[in-house]
Amino acid sequence: MNYRDPFATVTTQTAGQAGVAARDEGLRSYMLRIYNYMASALALTGIVALFAANSPAVIGSLYNISESGQVTGMAGIGWLVAFAPLGMVMWLSFGINRMSTSTAQVSFWAFSALMGLSLTSVFLMYTGESIARAFFITAGTFGAMSLYGYTTKRDLTGFGSFLIMGVIGLLLASVVNLFLQSSGLAFATSVLGVLIFTGLVAYDTQKIREIYYQVGGSADSLAKASIMGALNLYMDFINIFLHLLRFVGERR
């Protein structure tokens, strides 16, 4: 006589549902950690930039100041500070797997602070009202696109590859315009920059979500993935903000 446990199917389904619920809860916790990292980094960057912009000693060390008190260019330390965040990004991107989680966290916060110093000029060039306006527009755009990237079933891999090529083209155009000083090209790169990095928010969010499933249950790997995910979204946010500010910001 074949006996079939009537509770076996129910038990299996319940276990499967519990596993899915646990994964969903883990994903939500992972994404929340990333957004908290990113928001805290943006706050640190803003605080450092605002403090530096209101400190004559810091401004004097970063910029060349004329006798009339006008900024005439970058000082040697200023150029070092301007390029230091790029070096930090490369160091984190290529070396995070060899770092301890605590070292990666310290590096991330150091990067955020250096970005604040490098963005001091924003508070010197633009009015506080226009900075706030650009920030809130950026925040709204970022939130909408990140939500889309998190919830969409569409694979954005091909879209992301196209956007990354756009970033390369944008960098080349920006370098060329350093010599041409064309206002038209500057406006075009600003508009394209907003569009490209807005698209990258959705692509990066989806990629971050997929990394969670690839990493699995490794706490150390998830912690490092959280830092790198926050770094990518932070860079997308900052680039949208800066490009938007260039054509909607009011200069002092």
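The values are calculated or read from the model by the stated rules, or taken from the named source; none is laboratory data. Note that the structure is predicted; figures quoted are calculated from it, not measured. Cβ placement follows ideal geometry from the backbone for every residue including glycine, while neighbour counts extend to all protein chains displayed.
Values for this structure:
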quantity: Lys207 being at pLDDT 90 or above, farther than 26 Å from Ser190 by Cβ and not β-branched (Val, Ile, Thr); calculated: no
quantity: Test: residue in segment 138-155 that is more than 30 Å from Ser221 (Cβ to Cβ) and either in contact with a Cys (Cβ under 9 Å, 6 or more places away or on another chain) or surrounded by 15 or more Cβ atoms within 10 Å (Cβ to Cβ) (or both); calculated: yes
quantity: Single match in Val167, Val176, Val194 (criterion: surrounded by fewer than 16 Cβ atoms within 10 Å (Cβ to Cβ) and either over 19 Å from the mean Cα position of the chain (by Cα) or over 26 Å from Trp79 (Cβ atoms) (or both)); calculated: Val176
quantity: So Val122, is it over 27 Å from Ser226 (Cα atoms) and under 19 Å from the mean Cα position of the chain (by Cα); calculated: yes
quantity: Scan of segment 200-252 for residues that are within 14 Å of Asn97 (Cβ to Cβ) and acidic (Asp, Glu), ordered by number; calculated: Asp220
quantity: Residue ID - farthest from Val106 (Cα to Cα), chosen from residues in segment 205-248 that are among the polar types (S, T, N, Q) and crowded, with 18+ Cβ neighbours inside 10 Å; calculated: Gln206
quantity: Complete set of residues in segment 25-50 that are among the small types (Gly, Ala, Ser) and surrounded by 14 or more Cβ atoms within 10 Å (Cβ to Cβ); calculated: Gly26, Ala39, Ser40, Ala41, Gly46, Ala49
quantity: In segment 171-193, the residues that are without any contact (Cβ under 8 Å) to a residue 40 or more places away in the chain and of a type in the set (Phe, Trp, Tyr); calculated: Phe179
quantity: So Val89, is it assigned to a helix (DSSP H, G or I), free of Cβ contacts under 8 Å to residues at least 12 places away in the same chain and at negative phi; calculated: no
quantity: Residue in segment 118-137 that is surrounded by fewer than 17 Cβ atoms within 10 Å (Cβ to Cβ), part of a helix (DSSP H, G or I) and touching a Ser or Thr at 6+ places or on another chain (Cβ under 9 Å) present; calculated: no
quantity: Residue match in segment 175-189 (condition: within 18 Å of Ala39 (Cβ to Cβ), assigned to a helix (DSSP H, G or I) and aromatic (Phe, Trp, Tyr)); calculated: no
quantity: Exclusive hit being free of Cβ contacts under 8 Å to residues at least 24 places away in the same chain, among the polar types (S, T, N, Q), within 14 Å of Tyr234 (Cβ to Cβ) and assigned to a helix (DSSP H, G or I), set Ser102, Ser107; calculated: Ser107
quantity: Some residue of segment 172-187 being of a type in the set (A, V, I, L, M) and closer than 25 Å to Tyr148 by Cα; calculated: no
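Results for (1) at positive phi; (2) free of Cβ contacts under 8 Å to residues at least 40 places away in the same chain; (3) of a type in the set (Ser, Thr, Tyr), shown as yes or no for each residue.
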{"site": "Ala49", "(1), (2), (3)": "no, no, no"}
{"site": "Ser55", "(1), (2), (3)": "no, yes, yes"}
{"site": "Leu62", "(1), (2), (3)": "no, no, no"}
{"site": "Gln70", "(1), (2), (3)": "no, yes, no"}
{"site": "Ala75", "(1), (2), (3)": "no, yes, no"}
{"site": "Trp79", "(1), (2), (3)": "no, yes, no"}
{"site": "Ala84", "(1), (2), (3)": "no, yes, no"}
